[in-house]
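The values are calculated or read from the model by the stated rules, or taken from the named source; none is laboratory data. These numbers come from a predicted model, not from an experiment. Cβ coordinates were reconstructed from backbone atoms using ideal geometry, including for glycine residues, and neighbour counts include every protein chain displayed.
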Amino acid sequence: MKHHKFVLIIIVISQFCCTSLWFASNAVLTDLINNFDLKTNALENLTSAVQFGFILGTLLFALLSIADRFSPSKVFFFCACLGAIFNACLIFDENTLFSLLLLRFLTGFFLAGIYPVGMKIATDYFEKGLGKSLGYLVGALVLGTALPHLLKDGLQDYSWKNIVLSISVLATCGGLLLFALVPNGPYRKKGNALDISICYKVFKNVQFRKAAFGYFGHMWELYTFWAFVPILLITYSNIHKQVHFNIPLLSFFIISIGSIGCIIGSNIAAVIGTKKTAYWSLLLSCFCCLISPLFFMIDNAIIFISFLLFWGMVVIADSPLFSTLIAQSAPKKDKGTALTIVNCIGYAVTILSIQVTSYIYHITNTTYIYLILAIGPILGLIVLKTNSNFSKN
């Protein structure tokens, strides 16, 4: 058991290091716009490029059952190195909008061998206590996602290229750490045959399907919220002229506090049940979407930031819970593929959400756009509620 705890620590550290690749371009967005003469819609396009790459990567990894047929630690290391290389290529002065989008796409593609594969490794080591393990793992993803904003604040006196390179070095170290210290887990059941039909067979299981659709509803909100955190802060500052925020630092805290939400949620789930905790977390984040316009009207920055911190906690708290339910309801030999295909669809949802919300934001510039984020959670809650056992267990 002590060895398993050590392995979990290594997986969490590696996941944290490698997922910092995700929002690397968001943290240096202003620098990219200025250096490469990009348009103001660069945020949604660069973010969507990463998501699109992740989608195609997870789809290919799922169809080929990569995480089940090959050593997950080796897959993780290989993808971490390639993701780091393509991220580092952002610094070249010869880049154009097309090459930047391509580099973010390729980074996202190899993130498909990091995030879901990291969860697969955790399922290979933990049968009991899987929910808590995935809570720490998704918490690491959250911290990794937020890290570029902290680096932007801490390295603001240095070139933006140093931030990008620091993230690539960190990701490489994370991949090497996991490869060197985490062998195949004791509960791993290797899938030998290539069976493309697994990707739809797993959805025949009712409990798997409900958990997956709850996850899809959660994903509609999550990445759009994360992408818009700096815009939320800027919008409030523009409405209340006396307020001056440190945007990068606050963005880091609002996103990274979700790691605490994951850990708290996983511990609550151990007491009242994973299904019930996931349901209530999705309900709370939905409520935040619906009341968000009211907080722009409150002339108190502390209240506004407190609300965003709470939203940052509940928006991600259900993610490891849904992943736990998905992993538990999938056949052992297909867990890697099941987690990967659900990630694939979930991140496809994020592209649609980011693009729709960004489009409406640019043509209306209204604080009511965040009501759109409630669509996913509402639909997810409806699906979960259709099975009375889901929200009661």
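Structure notes:
Here is a yes/no grid of residues against (1) under 25 Å from Phe252 (Cβ atoms); (2) small (Gly, Ala, Ser); (3) in contact with a helix residue (DSSP H, G or I) (Cβ under 8 Å, 6 or more places away or on another chain):
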| position | (1), (2), (3) |
| --- | --- |
| Ser281 | yes, yes, yes |
| Cys286 | yes, no, yes |
| Ser292 | yes, yes, yes |
| Ile298 | yes, no, yes |
| Asp318 | yes, no, yes |
| Leu325 | no, no, yes |
| Asp334 | no, no, yes |
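- Residue match in the range 292-299 (condition: hydroxyl-bearing (Ser, Thr, Tyr) and at pLDDT below 85): no
- When Asp299 is tested against the conditions (1) touching a residue at least 24 places away in the same chain (Cβ under 8 Å); (2) part of a helix (DSSP H, G or I), the lone failure is (2).
- Qualifying residue in the range 249-267 (condition: more than 21 Å from Leu150 (Cα to Cα) and in contact with a Leu (Cβ under 9 Å, 6 or more places away or on another chain)): yes
- Residues of the range 90-106 satisfying the condition of being in a helix (DSSP H, G or I) and either surrounded by fewer than 17 Cβ atoms within 10 Å (Cβ to Cβ) or in contact with a strand residue (DSSP E or B) (Cβ under 6 Å, 6 or more places away or on another chain) (or both): Leu97, Phe98, Ser99, Leu102
- Of all residues in the range 41-65, those satisfying the criterion of being within 27 Å of Ala27 (Cβ to Cβ) and small (Gly, Ala, Ser) are Ala42, Ser48, Ala49, Gly53, Gly57.
- Scanning the range 13-37 for residues that are in contact (Cβ under 8 Å) with a residue 24 or more places away in the chain, over 14 Å from the mean Cα position of the chain (by Cα) and over 20 Å from Thr357 (Cα atoms) yields Ile13, Ser14, Val28, Asp31, Leu32, Asn35, Phe36.
- Selection within the range 153-167 - of a type in the set (Gly, Ala, Ser) and within 22 Å of Gly83 (Cα to Cα): Ser159, Ser166
- Any chance Leu371 is under 21 Å from the mean Cα position of the chain (by Cα), part of a helix (DSSP H, G or I), more than 14 Å from Lys210 (Cβ to Cβ) and among the aliphatic types (A, V, I, L, M): yes
- In summary, Gln51 fulfils each of the numbered conditions (1) more than 17 Å from Ile341 (Cα to Cα); (2) within 17 Å of the chain's Cα centre (by Cα); (3) not small (Gly, Ala, Ser) with the single exception of condition (1).
- Leu82 vs. criteria surrounded by fewer than 21 Cβ atoms within 10 Å (Cβ to Cβ), touching a Gly at 6+ places or on another chain (Cβ under 9 Å), farther than 20 Å from Pro320 by Cα and free of Cβ contacts under 8 Å to residues at least 40 places away in the same chain: yes
Per-residue answers, yes or no, for (1) in contact with a Ser or Thr (Cβ under 8 Å, 6 or more places away or on another chain); (2) hydroxyl-bearing (Ser, Thr, Tyr); (3) buried (at least 24 other Cβ atoms within 10 Å of the Cβ); (4) assigned to a helix (DSSP H, G or I):
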residue	(1), (2), (3), (4)
Ser251	no, yes, yes, yes
Ile260	no, no, no, yes
Ser292	yes, yes, no, yes
Phe304	no, no, no, yes
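- Residue pairs meeting the criteria (Cβ under 6 Å; at least 6 apart or on separate chains; first more than 15 Å from Leu21 (Cα to Cα) and modelled with pLDDT of 80 or more, in the range 109-124; second in a helix (DSSP H, G or I) and of a type in the set (Phe, Trp, Tyr)): Val117/Phe76
- Considering residues of the range 110-125 that are buried (at least 24 other Cβ atoms within 10 Å of the Cβ) and of a type in the set (Phe, Trp, Tyr) only, the residue nearest to Thr324 (Cα to Cα): Tyr115
- Residues that are under 23 Å from Lys132 (Cα atoms), outside any helix (DSSP H, G or I) and among the acidic types (Asp, Glu) are absent from the range 331-339.
- Members of the range 66-109 found to be under 15 Å from Val28 (Cα atoms) and among the small types (Gly, Ala, Ser), listed by number: Ala88
- In the set Leu150, Leu141, only one residue is assigned to a helix (DSSP H, G or I), touching a residue at least 24 places away in the same chain (Cβ under 8 Å) and within 20 Å of Phe78 (Cα to Cα); that residue is Leu141.
- Single condition Leu56 does not satisfy, out of (1) crowded, with 21+ Cβ neighbours inside 10 Å; (2) in a helix (DSSP H, G or I); (3) modelled with pLDDT of 90 or more: (1)
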